[in-house]
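Shown next, in structure tokens, is the structure this report addresses.
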Amino acid sequence: MIYIYNDYGGTHTTSLAAAYHLKQIPHPERKLTKEEILNVNYFNKLNKDDFGKLIFHGVDENGDSVFTIGRKSSKLVVPALKNLSLLLQSKHHFQEKIVFSNTSPTVPFVMSIGGFFSRGLKIDFIGVPLLVLGAKQCCDTIYRLVENTKQVGISANEEQIIILENKIYKG
């Protein structure tokens, strides 16, 4: 199975989701520290050249691959990837189940502002503290989204390509 977490930039909530999925950060019964957040792989480290690239984060305890992608404002990226996957499945008998999980609904306003300052304007001394604050606000929600994504993935669902919009996690 392949899990692909996606959002606008692909460097904040998606990186946290991948880290939770891979058990690289602890269960959020407590808030993450600033250091834990900033040490998450790819958190606030990607730039405009990385948009649209699948970023491999690792293999989970079940042997499933975990990726992220920043899709910008394009609503076409995930449907295009779904269609490509279906084409590969039919033409090359590729039978891997793929779950696309949108982390955008978990993004708090302060994180959006922090991302704009840090990634957009390159003003880290303003952006990074806002990103950390936002990550602390949404870490529990991201964790729940990841757990749901994994449950959907292992379910007996007959669909080979699953797209989760995750609107129930809107804060």
Next on the checklist: Need one number: nm distance between label points at ASN39 and GLU158, each 7 Å from Cα along Cα→Cβ, rounded to one decimal.
Outcome noted: 4.7
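Under a Cβ-Cβ cut-off of 12 Å, what is the net charge of the residues other than GLU165 that fall near it, where Lys and Arg count +1 and Asp and Glu count -1? If you can, show how the numbers build up before the last one.
On the way: positive: LYS75, LYS167, LYS170; negative: ASP7.
With Lys, Arg at +1 and Asp, Glu at -1, the net is +2.
Quick check: from the Cα gyration tensor, does region 1-154 come out rounded (a/c under 1.5), prolate or oblate?
Numbers: a/c = 2.27, a/b = 1.46, b/c = 1.56.
Oblate, since a/c reaches 1.5 and b/c is not below a/b.
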Checklist entry - If packing is taken as the mean number of other Cβ atoms within 10 Å per residue, what is the order of 71-81, 106-116, 7-17, 136-146, highest first? => result 7-17, 136-146, 106-116, 71-81
Next on the checklist: Give the average over all directions of the projected area of the C-alpha convex hull of region 101-157, one decimal, in nm².
Outcome noted: 4.1
Item to check | Placed amide H near SER101: partners under 5 Å, 5+ positions off or other chain | outcome: ILE4, TYR5, ASN6, LEU164
Checklist entry - Can you list the residues, at least 5 places off or on another chain, whose amide H is less than 5 Å from the amide H of HIS57, using H built in the peptide plane? => result VAL66, PHE67, THR68
Next on the checklist: Rolling a 1.4 angstrom probe over the protein chains, ignoring ligands and nucleic acids, what is the accessible area of PHE51 in square angstrom, nearest 10?
Outcome noted: 60
Next on the checklist: Which entries of LYS53/LYS82; LYS23/LYS97; LYS122/LYS167; LYS48/LYS167; LYS53/LYS97 have Cα-Cα distances beyond 18 Å here?
Outcome noted: LYS23/LYS97; LYS122/LYS167; LYS48/LYS167; LYS53/LYS97
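Nearest-5 percent of antiparallel DSSP beta bridges in the chain? Let's see the in-between values first.
Numbers: 4 of 19 bridges.
The antiparallel fraction comes to roughly 20 percent.
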Checklist outcome for this item: Around ASN47 (Cβ within 14 Å, Cβ-to-Cβ, excluding ASN47; K/R +1, D/E -1) the net charge comes to +3
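Hey, if we sort HIS57, HIS27, HIS21 by accessible area with the 1.4 Å probe, largest down, what's the order?
Details: HIS57 25, HIS27 85, HIS21 0 Å².
So, going from the largest accessible area down, we get HIS27, HIS57, HIS21.
Pop the C-beta distance of GLN95 and ARG144 into the FRET formula with R0 = 35 Å and round what comes out to the nearest 0.05.
Details: r = 29 Å, r/R0 = 0.83.
About 0.75, to the nearest 0.05.
The values are calculated or read from the model by the stated rules, or taken from the named source; none is laboratory data. Values in this document were obtained by computation on a predicted structure and should not be read as measured data. Positions of Cβ are backbone-derived with ideal geometry, glycine not excepted, and every protein chain shown enters the neighbour counts. Protein only, heavy atoms only, side chains kept; ligands, DNA and RNA dropped before computing areas. Shrake-Rupley method; radii C 1.70, N 1.55, O 1.52, S 1.80 Å.
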